[in-house]
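To start, the structure itself, in structure tokens.
The values are calculated or read from the model by the stated rules, or taken from the named source; none is laboratory data. This one's a predicted model, so the numbers in the text were calculated from it and none came from an experiment. FYI the Cβ positions are ideal-geometry reconstructions off the backbone, even for glycines, and counts take in every protein chain you see. Surface areas here come from the heavy atoms of the whole protein model, side chains and all, with no ligands, DNA or RNA. Shrake-Rupley method; radii C 1.70, N 1.55, O 1.52, S 1.80 Å.
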Amino acid sequence: MAKRKHGAGTVKEKNGSIFIGFRPAPGAKQVWEKVGRVDQGTTTADAEALLEDRRVEARKGLIPRTRLVLEEVATKWREERAFEELAPKTREADATALDCHLLPAFGLDYLDTITPDLLRRYISKKLTFPPGHPKAAPVAGKVASARTKPLGTTAVRQQIQTLNKIFEWALDNGKAVSNPCLRVDKSSLKPSLSEVDVFEIEEVKALLKAAANEEERTILLVMAACGLRIGEVFGLNTSDYDQKTRTLHIQRTIQRDGGSTKLGNKTKTHSGDRYLVLEPSVGELVDSQIRRVKKKARNRQGLLFPNRVGNLRCAGNFRSRDWTRLLRKAGISEDRTPHALRHTFASELIQARKSDTDIASKMGHKNAQITRTIYAKTFARTKATEAGVAGLYLNDD
């Protein structure tokens with residue numbers, strides 16, 4: 001492409017899309033505008049024609065100098081959020097949604113050109129096509145680009161939520177006149193019963209049998225019989241358990257911050273701070289675990305489930321190493337996640353006809369409505385019990 005004179009504008013192709021760059025007014029900063037996708041028929045001739053139109057509009061003063069693209073607004077939004085007290089996991093989720101998905105798709109789009117219809121097509125593409133497909137939405141980053149399957153509704157919902165935060169900030173700061181996210185039907189992105197993965201009783205038994213040692217077996221049973229999140233399990237201290245009353249205090253979780261794992265000083269939500277009375281069988285395993293870790297020379301933090309050198313366990317390492325090995329040994333599909341043990345706990349309580357409020361309290365949900373939304377039906381089971389969840393997995397009959 002021949003070199004242009006200063007002020008004549010620019011046409012370039014990036015990530016399968018064609019863009020034009022121009023100055024909306026003399027002396028103004030150059031802005032970029034996406035013309036369209038190459039795989040959808042957009043050509044450099046189309047870009048040249050639009051660029052000429054923009055130059056004419058600029059000469060006539062028809063293009064507002066304050067017109068901003070998403071990338072500019074997102075940068076200012078992030079600068080302000082740097083001073084907000086946010087959970088590291090929230091920052092990481094927003095950063096992933098923005099850098100890997102939203103900016104590659106809409107980064108150089110003007111805010112007023114991001115319409116509800118454009119977002120609906122974006123959602124459809126994300127749920128239908130894997131990265132690399134000719135009709136897929138563009139992505140950035142090794143992990144996002146390496147996917148071989150379309151995204152699930154949870155990930156796409158996170159992206160729309162992040163975009164909604166940016167537009168809300170833009171509205172509050174006079175940089176946008178509307179929020180297209182509000183006019184997008186998100187019902188298809190809500191968690192459905194098909195997404196709530198639940199283990200069968202025999203599968204949980206197989207996992208417990210596949211455990212490499214008693215400590216690993218205790219970790220699995222605490223998740224399955226108490227409904228704890230994996231971060232809550234690894235955030236437990238030996239002092240959180242009262243051996244006399246068999247009460248376990250869930251008061252913190254591990255967090256990812258800047259690529260490292262840290263011990264938080266609170267649970268995921270305020271409601272997550274809760275006390276659970278353990279069944280005798282689970283209590284005995286926790287008692288044994290406390291005796292084991294107290295014999296270790298390395299465990300300065302007093303963790304209930306420290307790693308081999310006495311430090312905080314990384315949930316990601318557990319999933320990729322230990323959990324994968326457990327699934328293989330138990331003969332269970334490797335696409336299952338540890339969080340399914342938490343869902344299994346909830347479904348067993350529903351089968352045992354526990355009240356919504358009681359289940360919400362044990363799960364650490366803010367209210368029973370959240371519980372009813374996620375677990376809208378009782379799951380088909382051949383057993384129902386009032387004795388406790390752990391008995392389902394520790395008995396062979």
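Structural descriptor for the chain: relative contact order 12 percent, calculated from alpha carbon pairs under 8 angstrom and at least 6 residues apart.
Exposed loop sites here are GluC sites (Glu not before Pro) in DSSP loop states with at most 14 other C-beta atoms within 10 Å. What is the longest stretch of the chain lacking them? My reading of the result: 201-333 is the longest stretch. Label separation (residue 244 vs residue 146): 5.2 nm, computed from points 7 Å beyond Cα along the C-beta direction. Only one of the listed values, [x] 20.8, 79; [y] 22.2, 68; [z] 26.0, 84, was derived from the coordinates as Rg and Dmax of the Cα atoms in Å; which label is it? After the calculation, the listed value that fits is [z]. With a/c under 1.5 counting as rounded, go ahead and sort segment 227-365 into rounded, prolate or oblate using the C-alpha gyration tensor (a ≥ b ≥ c being the square roots of the eigenvalues; past the cut-off, prolate if a/b is larger than b/c, else oblate). Judged from the Cα gyration tensor, segment 227-365 comes out rounded (a/c under 1.5). Membrane-span-like helices in the chain (whole DSSP H runs, Cα extent of at least 15 Å along the helix axis, mean Kyte-Doolittle hydropathy of at least -1.0): 44-59, 116-128, 153-172, 214-226, 280-294, 339-351. For segment 14-169, the share of accessible area belonging to carbon and sulfur comes to 55 percent (1.4 Å probe, ligands and nucleic acids excluded). Computed about the Cα centre, the dipole magnitude for the chain is approximately 940 debye when only Lys and Arg (+1) and Asp and Glu (-1) carry charge, each at its Cβ. Solvent exposure of segment 224-360, expressed per residue, is 51 Å² of accessible area, with all protein chains present and a 1.4 angstrom probe. The stretch between residue 14 and residue 178, if pulled fully straight at 0.36 nm per residue, gains 56.2 nm over its current Cα-Cα span. Expressed as a whole percentage, what fraction of the accessible surface of segment 289-333 belongs to carbon and sulfur atoms when a 1.4 Å probe is rolled over the protein heavy atoms? Solvent-exposed carbon and sulfur of segment 289-333 make up 44 percent of the total.
Within the straight-line cut-off of under 14 Å between alpha carbons, the aspartates and glutamates reachable from residue 362 are 232, 273, 279, 348, sequence neighbours fewer than 8 places apart in one chain being disregarded.
Whole number in Å², please: accessible area per residue of segment 145-217, 1.4 Å probe, ligands, DNA and RNA not counted. Walk me through the intermediate numbers first.
Numbers: 3870 Å² over 73 residues.
Each residue of segment 145-217 exposes 53 Å² on average to a 1.4 Å probe.
Restriction of the trypsin sites (Lys or Arg not before Pro) in segment 234-312 to DSSP coil positions whose beta-carbon has at most 14 other beta-carbons within 10 angstrom yields 244, 266, 295, 296, 298, 300, 308.
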